[in-house]
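Have a look at the structure below, then the notes.
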């Protein structure tokens, strides 16, 4: 079912089947990053990865963190237990996404267009952030997208050692307490792999996604 060339999107709000992607996972090009299109993309197992042009992706396999497999090292457990950071939720969304953008020296896809689009998604109640503070200053954080019982972790950053890992720890605790079922990290990094991330087939991911987005979880 994979195509050599991606679908070119226009104004109509739709996406092709993510299984029609090319070998790299590219599904489509074009369209916009409106709130409605972003929500449809995530519900469809697709996410944007560049703004000029806008590209839409659904890699196979897909990176996820299973809630019951999240690995907390002894050093991270000590940091959490000591209360090294003060944790807030949705207090500084724009500062977090800007922090994620500035932390990426190479391969940064979080352009001003992304920041604007995800800020609109945050204002609509679907994009969220967890912040770590130290001495009144933002030390790190993570942001992502929530739909039903599904959460897509988009990016995280730290200015103080362990701050991003602590933010991820508290985010997972928060989601578990609210009975979320699927935590998507798109592709594994050394950090998410170390914390228990695994790869699953796209077909398995899409089946789980369809169930998760129908849940009535409240972030």
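Quick note: the coordinates plus some simple rules give every number you see, no bench work behind them. The shown structure was predicted, so the numbers you read here are calculated from the model rather than taken from an experiment. No Cβ is skipped: glycine too gets one built from the backbone with ideal geometry, and neighbour counts run over all protein chains shown.
Given their separation in residues at 0.36 nm each and the Cα-Cα distance between them, residue 198 and residue 108 gain 30.1 nm when the chain is fully extended.
The distance between label points at residue 8 and residue 218 comes to 4.6 nm (points 7 Å beyond Cα on the Cα→Cβ vector). Relative to the longest principal axis of the Cα atoms of the chain, helix 163-177 runs at roughly 70 degrees. For a paramagnetic label modelled on residue 49 (point 7 Å from Cα along Cα→Cβ), amide N atoms under 15 Å away belong, within the range 149-192, to 154-155, 185-189. In the chain, helices alone account for a calculated mean residue ellipticity at 222 nm of -9500 deg cm²/dmol, with every DSSP H run of four or more residues adding -39,500 (n - 2.57). Helix 112-123 and the longest principal axis of the Cα set of the chain meet at an angle near 70°.
Mean separation of Cα pairs under 8 Å and 6 or more residues apart, divided by the residue count, gives the range 96-219 a relative contact order of 23 percent. By the gyration tensor of its Cα atoms, with a ≥ b ≥ c the square roots of the eigenvalues, what is the shape of the range 149-210: rounded for a/c under 1.5, prolate for a/b over b/c, or oblate? It is oblate, given that a/c is not under 1.5 and a/b is not larger than b/c. Considering only DSSP beta bridges where both residues belong to the chain, give the percentage that are antiparallel (nearest 5). DSSP beta bridges in the chain are roughly 85 percent antiparallel.
For the pair residue 137 and residue 90 in one chain, pulling the backbone fully straight at 0.36 nm per residue adds 15.4 nm over the alpha carbon distance. Once the C-beta distance of residue 22 and residue 77 is scaled by a Förster radius of 25 Å, the resulting FRET efficiency is 0.05 to the nearest 0.05. Evaluated at q = 0.11 Å⁻¹, a Debye calculation over the C-alpha positions of the chain (equal weights, vacuum) places log10 I(q)/I(0) at -0.51. The C-alpha atoms of the chain define a longest principal axis, and helix 93-103 lies at about 80 degrees to it. Report note on the peptides 6-16, 191-201: ranked by the mean count of other C-beta atoms within 10 Å, highest first, their order is 191-201, 6-16.
Descending by average beta-carbon neighbour count within 10 Å, the peptides 71-81, 142-152, 209-219 line up as 142-152, 209-219, 71-81, the highest first. Applying 0.36 nm per residue to the separation of residue 211 and residue 173 and subtracting their alpha-carbon distance, the gain on full extension is 11.6 nm.
With contacts taken as Cα pairs under 8 Å at a separation of at least 6 residues, the chain carries a relative contact order of 22 percent.
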